[in-house]
2 protein chains.
Amino acid sequence: MTTPELSKTNGSTGTTGAPVPVTVARGDGIGPEIMDATLRVLTAAGARLAVEEIQIGEAVYARGHSAGIEPGAWESLRRTRVFLKAPITTPQGGGFKSLNVTIRKSLGLFANVRPCVAYPPFVPTRHPKMDVVIVRENEEDLYAGIEHRQTDEVTQCLKLISRPGCERIARYAFEYARRHGRSKVTCMTKDNIMKLTDGLFHRVFDEVAADYPDLVAEHWIVDIGTAKLADTPEAFDVIVTPNLYGDVLSDVAAQIAGSVGLAGSANVGEHAAMFEAIHGSAPTLAGQDAANPSGLLLAAVMMLVHIGQPEVAERVHNAWLATLEAGVATADVTGPGVGPVGTRAFADAVIDRLGQQPTTLPAVTYPAGQPQLAVPTATARPAPAKTMDGVDVFLHHDDRDPDALAALLREAGDGVGLDLTMITNRGVKVWPDGLPETFCTDHWRARFQSSRPGAASRAEVVDLLRRLDRAGLDFVKTEGLYRFDGEPGYSLGQGQ
Amino acid sequence: MTTPELSKTNGSTGTTGAPVPVTVARGDGIGPEIMDATLRVLTAAGARLAVEEIQIGEAVYARGHSAGIEPGAWESLRRTRVFLKAPITTPQGGGFKSLNVTIRKSLGLFANVRPCVAYPPFVPTRHPKMDVVIVRENEEDLYAGIEHRQTDEVTQCLKLISRPGCERIARYAFEYARRHGRSKVTCMTKDNIMKLTDGLFHRVFDEVAADYPDLVAEHWIVDIGTAKLADTPEAFDVIVTPNLYGDVLSDVAAQIAGSVGLAGSANVGEHAAMFEAIHGSAPTLAGQDAANPSGLLLAAVMMLVHIGQPEVAERVHNAWLATLEAGVATADVTGPGVGPVGTRAFADAVIDRLGQQPTTLPAVTYPAGQPQLAVPTATARPAPAKTMDGVDVFLHHDDRDPDALAALLREAGDGVGLDLTMITNRGVKVWPDGLPETFCTDHWRARFQSSRPGAASRAEVVDLLRRLDRAGLDFVKTEGLYRFDGEPGYSLGQGQ
Ligand SMILES: NC(=O)c1ccc[n+]([C@@H]2O[C@H](COP(=O)([O-])OP(=O)(O)OC[C@H]3O[C@@H](n4cnc5c(N)ncnc54)[C@H](OP(=O)(O)O)[C@@H]3O)[C@@H](O)[C@H]2O)c1
Ligand SMILES: NC(=O)c1ccc[n+]([C@@H]2O[C@H](COP(=O)([O-])OP(=O)(O)OC[C@H]3O[C@@H](n4cnc5c(N)ncnc54)[C@H](OP(=O)(O)O)[C@@H]3O)[C@@H](O)[C@H]2O)c1
């Protein structure tokens with residue numbers, strides 16, 4: 001696997017005592033307040049940081065940068081490779097791209113790590129034993145954002161799952177579990193329906209799990225798995241999932257643990273890492289000294305570990321736990337009978353307790369001298385033998401009679417060397433032998449196959465498309481049908 | 001919109017007193033036991049049913065029918081158009097298609113309706129006020145099951161969302177809410193990321209909502225919406241979502257309400273309806289007279305309403321509630337200090353209470369004489385003006401240098417009339433002006449566009465593909481780029 005010619009994140013320089021360059025953005029809404037609180041705590045705790053500030057968010061979008069970031073800011077990010085980010089306000093409406101998705105994907109931040117912990121009785125929760133870490137694949141799945149509308153009625157989004165993507169996130173989850181003394185990694189997918197894509201994720205997870213015999217590995221179907229998490233989160237330890245499921249699961253986990261104001265997250269890649277709170281810019285709270293800085297502070301704790309200052313991370317984290325225990329809380333997590341403090345006062349309370357340990361809640365330890373958590377690369381694999389069976393041609397066709405469409409297609413395609421074998425509508429076979437009850441849209445798939453497996457060619461596909469065009473058939477997309485080492489790389493039609 | 005020439009489900013004949021033909025399948029595992037219990041209760045309650053049994057599931061798969069159902073069974077389903085189905089055991093491994101998905105899609109059962117209700121204190125729950133109905137789109141989204149592997153590294157699944165599909169499910173949700181005296185319908189999507197597909201669902205929901213000013217309509221992003229449901233289900237009333245989100249949400253809702261053994265579901269379409277418990281065949285409980293028949297029984301209650309026997313539905317449902325109140329329970333929902341009864345004894349206890357009303361839990365009423373709940377069809381719309389801007393060509397290409405690939409593509413495509421404007425890898429723009437940190441797979445998208453919007457043609461696409469093939473470039477899929485009434489029907493690249 002080719003990797004760009006860049007040195008790795010300079011994670012170990014921190015232990016030498018020299019300040020580590022870190023890019024910081026104060027963001028929008030409550031962002032500046034919680035960033036200020038966080039940086040004050042870090043400084044008081046002795047963090048050795050050389051902060052470089054960049055501007056992102058509303059003001060930058062307003063200056064016409066559709067992703068909310070300026071070219072100069074990329075330069076800082078690519079040099080420091082460590083980003084402590086406050087939340088921003090994403091403008092509504094089309095034309096704007098999510099800054100987070102852009103940064104994650106451009107910098108290859110493939111792992112989104114989100115610990116969700118309950119702090120009973122100091123933060124009210126129905127799930128006092130909860131201590132779950134969600135490791136979410138951060139770059140692919142439906143979040144690739146590749147969408148097409150191709151007929152009057154039907155729109156499409158591509159879900160992409162790659163083998164190296166699966167391998168890296170699975171390996172990261174196991175490495176993380178081992179490093180943090182956790183005992184189980186749970187994979188969640190919907191591979192009973194999506195046998196190729198989610199099936200790949202599940203299969204690679206199982207392969208990787210074999211390299212970690214010291215850890216328990218299990219798989220849940222994501223629907224019942226999410227339900228189980230919502231009901232009995234103590235059944236889980238580390239959870240690893242594709243992007244979309246992880247997005248939902250991690251919000252469920254954060255919410256039922258206590259408050260979205262309490263959780264931080266790390267976005268980790270081979271070349272860089274970004275640390276942020278899980279919540280947004282909460283514009284209604286902005287400027288009132290009322291927001292909880294804890295999410296960003298715990299994200300900063302993860303950053304300190306990442307840049308090789310674990311002793312500072314430990315000091316901050318334990319002081320924060322001691323602060324919770326002292327009943328000092330912002331309004332969002334105030335228990336019964338405790339008056340809330342403001343953002344600044346909360347940060348002061350944490351600073352006052354630097355050096356203290358919690359007494360009821362378990363104290364954390366981040367052992368010094370450990371090398372940075374390995375960011376896995378995918379194993380090089382021999383290329384499978386790839387042959388072509390045919391092509392799925394998708395058509396925009398208004399008439400709703402599948403038999404008539406089949407007749408048109410067979411006439412137009414006659415002589416190409418690829419035979420029409422099936423027509424589906426939204427995945428359901430409607431020809432041959434369809435049911436009249438099947439609801440049909442104006443978006444049809446016609447499967448053309450060579451009579452011998454592996455004997456089709458791209459030239460035949462081009463020829464077929466040329467003939468369909470001449471016959472006035474509006475082909476709107478194609479999907480090649482391939483075998484890899486003899487095994488078909490495409491699903492059957494529903495009802496086939 | 002064309003609809004097949006079939007008369008509607010004969011829902012109103014039940015009120016005349018004549019038995020209504022109903023197809024019944026006993027399924028696998030605990031299926032036969034819970035079906036037996038359910039049919040005994042229905043008979044005792046005076047349901048007028050002419051039962052036709054069909055066989056589905058394990059035995060049928062074993063006879064070589066890859067969808068678990070035989071041709072003769074379809075005949076009964078298509079004639080009675082009402083299906084009371086026990087769970088089946090789906091064989092593991094490739095080559096088998098989900099029977100449920102096949103039946104839903106072949107019969108056009110677009111709406112999956114699942115009420116999730118808490119029964120405190122009789123069934124332990126953390127959410128005593130919960131009373132939510134999930135209305136899940138049942139036919140499209142990723143569950144179309146259209147998957148392709150096209151390179152060594154990357155697999156793909158298509159997410160399809162159609163306008164008529166969105167309109168029918170949204171309208172069904174509002175009709176359902178009105179009929180059942182509910183006040184709010186909540187839509188959940190991820191349209192901040194998937195602006196075309198989930199955006200369509202959200203937009204159509206808003207359009208349909210305007211026809212129901214008596215009902216509150218709201219939208220949540222599905223990640224935080226699922227978290228809210230898991231934490232505070234009493235904030236919701238009726239929820240309507242695309243297929244995948246609905247699958248997850250409805251399992252969360254059923255689980256936190258009390259038990260998966262308690263919920264039934266209806267799968268409703270224009271021509272037919274299927275009623276089943278939400279749980280599976282629980283093979284470990286089979287043959288022990290231990291399973292809870294409640295899920296199937298409540299599904300049968302929905303069936304009775306559907307076929308025009310609401311007075312029988314009401315009698316069964318209230319007797320069931322009175323049974324819960326009496327502390328009669330199967331082992332899965334036994335509260336503290338109550339001994340469990342078996343499947344048969346539970347059914348007997350319900351039969352003993354036919355005619356009784358619950359005293360603590362609210363009694364249900366199903367008013368007689370109402371016409372069947374209208375199953376909406378989609379509104380006919382004028383066809384938008386469609387023009388073509390170009391094509392996205394996806395390539396299997398092993399070298400990871402985007403600039404070199406761009407040079408090859410430009411040389412090969414020279415003279416076609418479509419210009420290379422962008423290359424992305426998993427949706428992220430890598431040419432022009434990519435970042436070296438972006439992780440690249442062997443799956444590339446090259447966007448070719450006409451210099452003037454709307455001026456591209458299919459013939460140019462064929463010509464382009466022919467030239468790419470000749471240059472040895474392995475195009476594995478294409479997606480046409482269109483405008484509808486002048487508006488682009490395709491997304492930008494991330495970072496574009
Ligand atoms: N990573 C990011 O930059 C990021 C992430 C998510 C959202 N956003 C953006 O943020 C903006 C607002 O989004 P949103 O309102 O959906 O979500 P949000 O900013 O997370 O706020 C939702 C609610 O959560 C509470 N909350 C969040 N953070 C809190 C804190 N630190 N302390 C106390 N309470 C807190 C507040 O509740 P009360 O009102 O009840 O006090 C707030 O109204 C949007 O523009 C969105 O696009 C950015
Ligand atoms: N519609 C369908 O036909 C359908 C739906 C889902 C699954 N399935 C199939 O069913 C098979 C088993 O799947 P699964 O084990 O994942 O899910 P499941 O059959 O729903 O069973 C999971 C567990 O839920 C409990 N349970 C489910 N129904 C119950 C009932 N009526 N009374 C008491 N307890 C009940 C049992 O828990 P305890 O063991 O703790 O008692 C059971 O082991 C698979 O082959 C699956 O494909 C079919």
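Here are the numbers for this structure:
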| read-out | value |
| --- | --- |
| Rg/Rh for region A:286-388, where both radii come from Cα atoms and Rh is the Kirkwood radius | 1.25 |
| Accessible surface of A:Ser259 - all protein chains present, 1.4 Å probe, nearest 10 Å² | 20 |
| Residues along region A:177-220 losing 10 Å² or more of accessible surface when the other protein chains are present rather than the chain by itself (probe 1.4 Å) | A:Lys190, A:Ile193, A:Met194, A:Lys195, A:Leu196, A:Thr197, A:Leu200 |
| Karplus-derived 3J(HN,Hα), 6.51/-1.76/1.60, for each residue of region A:249-265, Hz, glycine and proline x | 4, 6, 6, 4, 4, 4, 5, 6, 5, x, 7, 5, x, 9, 10, x, 9 |
| Distances in nm from A:Glu70 to the matching label points in the other copies, shortest first (labels 7 Å along Cα to Cβ) | 7.5 |
| Average projection area in nm² (convex hull over Cα atoms of chain B, one quarter of hull surface) | 26.4 |
| Whole-Å distance, taken between Cα centres, linking region A:424-496 and region A:206-223 | 36 |
| Sites B:Glu207 and A:Ala210, calculated FRET efficiency, Cβ-Cβ separation with R0 45 Å, nearest 0.05 | 0.30 |
| For region A:126-248, share of DSSP beta bridges that run antiparallel, in % to the nearest 5 | 25 |
| Summed buried accessible surface, chains B and A, 1.4 Å probe, nearest 100 Å² | 10600 |
| Inter-label distance for B:Gln370 and A:Glu218, nm, one decimal - labels placed 7 Å from Cα along Cα-to-Cβ | 4.2 |
| Computed label-point distance, nm, for sites B:Asp433 and B:Ala331 using a 7 Å Cα→Cβ extension | 6.6 |
| 1.4 Å probe, heavy atoms, protein only - residues of region A:460-496 losing at least 40 Å² accessible area vs chain alone | A:Val462, A:Asp469, A:Asp474, A:Phe475, A:Thr478, A:Glu479, A:Tyr482, A:Phe484, A:Ser491, A:Leu492, A:Gln494 |
| Pair B:Asp414, B:Arg344: separation of 7 Å Cα→Cβ label points (nm) | 8.5 |
| Cβ charges +1 (Lys, Arg) and -1 (Asp, Glu), total dipole of region A:196-279, debye | 180 |
| Charge context of A:Val204, other residues only, Cβ under 12 angstrom, K/R +1, D/E -1 | -3 |
| Out-of-range pairs (alpha-carbon distance over 21 Å; input A:Lys159/B:Lys477; B:Lys105/B:Lys477; A:Lys159/B:Lys429; A:Lys184/B:Lys97; A:Lys429/B:Lys105; B:Lys184/B:Lys228) | B:Lys105/B:Lys477; A:Lys184/B:Lys97 |
| Listed residues B:Leu142, B:Val22, B:Tyr490: farthest to the positive end of the dipole of chain B (Cβ charges) | B:Val22 |
| Antiparallel bridges, percent of DSSP beta bridges restricted to chain A (to nearest 5) | 65 |
| Area of A:Leu158 that stays accessible when all protein chains are in place (1.4 Å probe, Å², to 10) | 0 |
| Formal net charge of residues neighbouring B:Thr90 (Cβ-Cβ distance under 11 Å; K, R +1; D, E -1) | -1 |
| Helix-only mean residue ellipticity at 222 nm for the protein assembly as shown, each DSSP H run of n ≥ 4 adding -39500 (n - 2.57), per residue, nearest 500 | -10000 deg cm²/dmol |
| Residue of chain A whose Cβ sits closest to the axis mapping A onto B, with distance in whole Å | A:Ala230, 2 |
| Distance from region A:253-281 to region A:76-122 (C-alpha centre basis), Å | 8 |
| Cβ-Cβ FRET estimate between A:Glu70 and A:Phe96, R0 fixed at 22 Å, reported to 0.05 | 0.90 |
| Beta bridges by DSSP in the protein assembly as shown, antiparallel share as percent, to the nearest 5 | 65 |
| Label point 7 Å beyond Cα along the C-beta direction, distances from A:Ala383 to other copies (nm, shortest first) | 4.3 |
| Protein accessible area in chain B, 1.4 Å probe - carbon and sulfur % | 51 |
| 7 Å along Cα→Cβ, label-point gaps from A:Ala235 to other copies, nm, shortest first | 2.4 |
| Probe 1.4 Å, all protein chains present, accessible-area order of A:Ile193, B:Ile146, largest first | A:Ile193, B:Ile146 |
| Restricting region A:116-178 to trypsin sites (Lys or Arg not before Pro) in coil, as DSSP defines it, with at most 15 other Cβ within 10 Å | A:Lys129 |
| Area of A:Lys228 that stays accessible when all protein chains are in place (1.4 Å probe, Å², to 10) | 60 |
| Distance cut-off 54 Å, percentage of C-alpha pairs in the protein assembly as shown lying past it | 17 |
| Efficiency of FRET between A:Asp131 and A:Gln288 - r from beta-carbon atoms, R0 35 angstrom, step 0.05 | 0.65 |
| Residues of chain B: accessible area per residue with a 1.4 Å probe, Å² | 34 |
| Nearest-20 debye value, region B:379-488 charge dipole, Cβ charges on Lys, Arg, Asp, Glu | 500 |
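The values are calculated or read from the model by the stated rules, or taken from the named source; none is laboratory data. Quick caveat, the model's predicted, so the values are computed rather than measured. Using ideal geometry, Cβ is built from the backbone for each residue, glycine included, and neighbour counts are taken over all protein chains shown. Note: areas computed on protein heavy atoms with side chains; ligands, DNA, RNA excluded. Shrake-Rupley method; radii C 1.70, N 1.55, O 1.52, S 1.80 Å.
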